[in-house]
Amino acid sequence: MIKEVRPHVFWLHSPDGGEVYFLRTNAGLVMFDSSFVRHKDTILADMRSMGLDPRQIRMCFITHLHCDHVGGVGWWQKEFGFPVIAHELAADPIEAADPVATGAYMPYTGFDERFIPCKVTQRVRGGETLTLGERTFEIIHAPGHSVGSMHILSGDLLFVGDTVFANGGIG
């Protein structure tokens, strides 16, 4: 279920992991993470129910390389043709769809998730600023949850992936 958590900020939380945010700008949508590829149809339906057109996605930031955040981004990129921005330490495993580094395959738990590779269009280190429409996005390298974790700051919004959880826990 997708919710507008504040004006122009939409949040989708799936029951079995994976967060996706959309930010509406005057130049199109920004996507933050993609969730699992198996959630794509639900995400598309939820987007449309909120009046969000996936053809308006102009860029996608990846907060970290775990498959519940990035497993479907290859499908989204192929379908809608937008650039993907990820930390340089996360880019190679994302492009290779590395099942171990991304946590898509954990044989000791029985977890074996489909992961679609994608081209990381822009590799960042932290300190960069990107712009779309009226919004600027500052990249902050935030190792901890994973070595290539990053936060994206835009005005008073901070997208953190799994660094902080809704229940107050930390990742």
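The values are calculated or read from the model by the stated rules, or taken from the named source; none is laboratory data. All values reported here derive from a predicted model rather than from experimental measurement. FYI the Cβ positions are ideal-geometry reconstructions off the backbone, even for glycines, and counts take in every protein chain you see. For accessibility, only protein heavy atoms count, side chains too; no ligands or nucleic acids. Shrake-Rupley method; radii C 1.70, N 1.55, O 1.52, S 1.80 Å.
Where in region 1-90 are there strands (runs of 3 or more DSSP E), lying fully within it, with 3 or more residues that are open to solvent by 10 Å² or more (accessible area, probe 1.4 Å) and over 27 Å from Met106 (Cα atoms)?
Strands (runs of 3 or more DSSP E) meeting the threshold: 2-6.
Can you confirm whether Glu134 is at pLDDT 95 or above, closer than 17 Å to Phe22 by Cα and of a type in the set (D, E, K, R)?
When the stated conditions are applied, Glu134 passes them.
Modelled with pLDDT of 95 or more and of a type in the set (A, V, I, L, M, F, W, C): which single residue out of Ile57, Ile43, Ile94 fits that description?
Ile57
Within region 91-105, which residues are closer than 16 Å to Arg38 by Cβ and either polar (S, T, N, Q) or assigned to a loop (DSSP other than H, G, I, E, B) (or both)?
Ala97, Pro99, Thr102, Gly103, Ala104
Return yes when Gly28 is among the small types (Gly, Ala, Ser) and either within 22 Å of Thr136 (Cβ to Cβ) or in contact with a Gly (Cβ under 6 Å, 6 or more places away or on another chain) (or both) and no when it is not.
yes
Do we have Asp68 as of a type in the set (D, E, K, R) and modelled with pLDDT of 90 or more here?
no
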